Structures are given as C-alpha cells and as structure tokens.
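Taken together, the values in this text are just the output of simple stated rules run on the coordinates, not laboratory data. Note that the coordinates shown come from a computational prediction; the quantities given were computed from them, not determined experimentally. No Cβ is skipped: glycine too gets one built from the backbone with ideal geometry, and neighbour counts run over all protein chains shown.
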Amino acid sequence: MAEQRPCRCLLMASGQEDMARLVAEYIATLPEESRVSDESYHARLALCESCEALHSGTCARCGCYVEARAAKRSLSCPATPPVWVAE
C-alpha cells in the first residue's frame, strides 16, 4: 500500500470528506457576528493554500483546521507575522 503524503490543500481536496463536512457544520453554528464575510473567508483560505505550513487541511503551526480558523473573525493566522489578521 502506497503511503499517502500530506498535500498543501484544504480538507475536501485532501480526501477527508467526513471531516470537511463536520468542520462546515461547526462553522454554520458560529454566531453570524463572530464569522467573517464570505469574501474574507475565501481570501483567508487562498492565503492558507499558498502557505508551506498547510498539510491536508491542517495548519502545521498551530494544529487547527484552517477552514475553521479562517471563519472566525477574532482569530489571526498563527504565523509570525500573521499572513491574515483578526477583524
């Protein structure tokens, strides 16, 4: 059996459909005032996808699922300095 290597991609693209669904469900439960706009969310994810610390939907710097972190208005990228910042 071939070893599956991490990809610089989000959960769905990494083949983790069940986890992607759970993270999407979690994001949907966040109060609207604590979520970023769709535009900001997609911009944050695009920056994450270009980051060397992204491994199959997980940030190697902090261990979060990037889709969940990117959705939260109060959180910043864990890089120093942050690639994107809290709103």
Checklist outcome for this item: Residues whose built amide H sits under 5 Å from the amide H of Arg35, excluding neighbours closer than 5 in sequence, are Arg73
Checklist outcome for this item: Between Leu54 and residues 5 or more places away or on another chain, the pairs with built amide H atoms under 5 Å apart involve Ala60
Checklist outcome for this item: With Cα springs under 10 Å, the Gaussian network model of the chain assigns the largest mean-square fluctuation among Ser76, Ser34, Ser14 to Ser34
Checklist entry - Which whole-number percent gives the relative contact order of the chain, counting Cα pairs below 8 Å spaced six or more residues apart? => result 33
Checklist entry - Amide H of Trp84: which non-local residues (sequence gap of 5 or more, or other chain) have their own amide H closer than 5 Å, using H built in the peptide plane? => result Cys77
Checklist entry - Per the chain: cysteines with no other Cys C-beta under 4.7 angstrom? => result Cys48, Cys51, Cys59, Cys62, Cys64, Cys77
Checklist entry - What list of ³J(HN,Hα) couplings, whole Hz, do you get for the range 45-61 from phi and the Karplus terms 6.51, -1.76, 1.60, once you set θ to phi - 60° and write x for glycine and proline? => result 4, 4, 5, 4, 5, 9, 8, 5, 8, 7, 10, 6, x, 10, 7, 6, 6
Checklist entry - What are the ³J(HN,Hα) values, in whole Hz, obtained from phi via the Karplus relation 6.51 cos²θ - 1.76 cosθ + 1.60 with θ = phi - 60°, for each residue of the range 12-18 in sequence order, with x given for Gly and Pro? => result 4, 5, 8, x, 9, 4, 5
Item to check | Estimated 222 nm signal from helices in the chain, with DSSP H stretches of n ≥ 4 weighted -39500 (n - 2.57), rounded to 500 | outcome: -10500 deg cm²/dmol
Item to check | Once exposed loop trypsin sites (Lys or Arg not before Pro) are cut out (DSSP; at most 16 other Cβ, 10 Å), longest piece of the chain | outcome: 9-60
Next on the checklist: Can you give me the orientation-averaged projected area of the convex hull built on the Cα atoms of the chain, in nm²?
Outcome noted: 5.8
